[in-house]
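Beneath this line is the structure, given in structure tokens, with notes to follow.
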């Protein structure tokens, strides 16, 4: 176990369920879904993907701290939403980054996809009209620029790094942040991730690799809110979504010295690599990641009260995750919530947003439901299919797995 306790002081998120965290939570508890028709770009008649989880637009005039005139140069939506959740998470945490504290504040906030939309737009303008790119095109596309803009917004001058592990990016950012706390390189960490991947070639690419949801050939289109169905017998791939989530970590020493309180601590974690297939998960290393996280927290499998799953709705991925849980816990697998059934899959941001939903559930003694569930006899788990459930949780396992075999798991602990 770690020598210092790593506390979570505050967090905030935007997702396809909304831009206000409390409102998102209420919708999630009610079993609502944020997935709707894909409107981010014009769909050609044969375009294979028609549904998505889109984040509502925000009026920058309502957020003067975002400096709307400055943001006009930062055309990719990742920047305004990243800065919004970071600002609000810091405010909720009670951390004030003064010149004295700034050198001890690290930034691990990152993105899996980044602002590739800016490069695509520039390329299309060059081809169509012969126009040279806007001077901010390359900065918009640099993934590390997200953390850089967070640093500029907050004044944090401690260690900064981009923790890119595909769909596990949000959780990896917390793990790397916790390492910095334990190595005494920082007292506070601004972690999390942002992704707005609803860009035409990216969405189409997910379809051609048979990852993104599309209706069965010859079958009518389904209601958008019914298309994301983790662990279900009729799952047909993930629904590409947008979102951002920020989580503020700090040592218990810092929190005590500044009179800050916490309800959740990061009790343990692990990272493994599949060293196998580039997208198909490897059971042995996925399972080991979960096991090591539990051991790192000083726990046994039976101590885990609930699991917040990665669960993207892919045939192989969902089964591997369920099999690993069974191998670890036998016939006593704790209840499993799959938030992507309501949010869709916001790439690297998903795991940060889902961790936030898991923490809200711990504080409120509530497990969010897995909607759209039809049992699969090969996946026998309790996935809270009946609707939100009241349950007191001390320890929750959060799983996140990314392309390239990047596995990150953490243990969250409620403290009173």
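Brief remarks follow.
- Computed lengthening from residue 129 to residue 91, 0.36 nm per intervening residue step minus Cα-Cα distance: 9.2 nm
- With a Förster radius of 22 Å applied to the beta-carbon distance between residue 62 and residue 32, the computed FRET efficiency rounds to 0.40.
- In the stretch 266-414, the inverse of the mean reciprocal separation of distinct Cα atoms equals 15.0 Å; this is its Kirkwood hydrodynamic radius.
- Shape call, the stretch 91-160: gyration tensor on alpha carbons, a/c limit 1.5: prolate
- Label-point gap, in nm, between residue 226 and residue 210 - each point 7 angstrom along Cα→Cβ: 2.4
- Based on alpha-carbon atoms, the Kirkwood radius and the radius of gyration of the stretch 1-116 give Rg/Rh equal to 1.03.
- With both residues required to sit in the chain, DSSP beta bridges show an antiparallel share near 75%.
- Ranking of 63, 213 by neighbouring Cβ atoms within 10 Å, starting from the fewest: 63, 213.
- Residues 33, 161, 246, 409 arranged by fewest to most Cβ contacts within 10 Å: 161, 33, 409, 246
- If you sort the three axes of the alpha carbon gyration tensor as a ≥ b ≥ c, you get a/c of 1.5 or more for the stretch 166-298 and a/b above b/c, which makes it prolate.
- By the equivalent-ellipsoid construction on the alpha carbon gyration tensor, the stretch 223-323 comes out with semi-axes of 31, 20, 13 Å, ordered largest to smallest.
- Option label - Kirkwood radius over Cα pairs in Å computed here, alternatives [x] 22.8; [y] 33.3; [z] 21.2: [z]
- Likely footprinting exposure, 329, 313, fewest C-beta neighbours within 10 Å first: 329, 313
- For the stretch 250-286 versus the stretch 375-416, the gap between their alpha-carbon centres in whole angstrom: 14
- For the stretch 138-167 and the stretch 302-342, distance of Cα centres in Å: 31
- Distance between the stretch 178-218 and the stretch 9-57 - C-alpha centres, whole angstrom: 15
- Here the translational diffusion coefficient of the stretch 181-240 follows from Stokes-Einstein with Rh set to the Kirkwood radius across Cα pairs; for 25 °C and 0.890 mPa s it amounts to 168 µm²/s.
- Computed from the C-beta positions of residue 161 and residue 71, the FRET efficiency with R₀ = 35 Å rounds to 0.90.
- Each helix, a run of at least 4 DSSP H residues, gives -39500 (n - 2.57); summed and divided by the residues of the chain, these come to -10000 deg cm²/dmol at 222 nm.
- FRET efficiency for the pair residue 416 and residue 183, taken as 1/(1 + (r/R0)^6) with r the Cβ-Cβ distance and R0 = 22 Å, rounds to 0.15.
Bear in mind that the values in this text are calculations on the coordinates, not laboratory data. A quick note: this is a predicted structure, and the numbers were derived from the prediction, not measured. In this analysis, Cβ positions are derived from the backbone assuming ideal geometry, glycine residues included, and neighbour counts consider all displayed protein chains.
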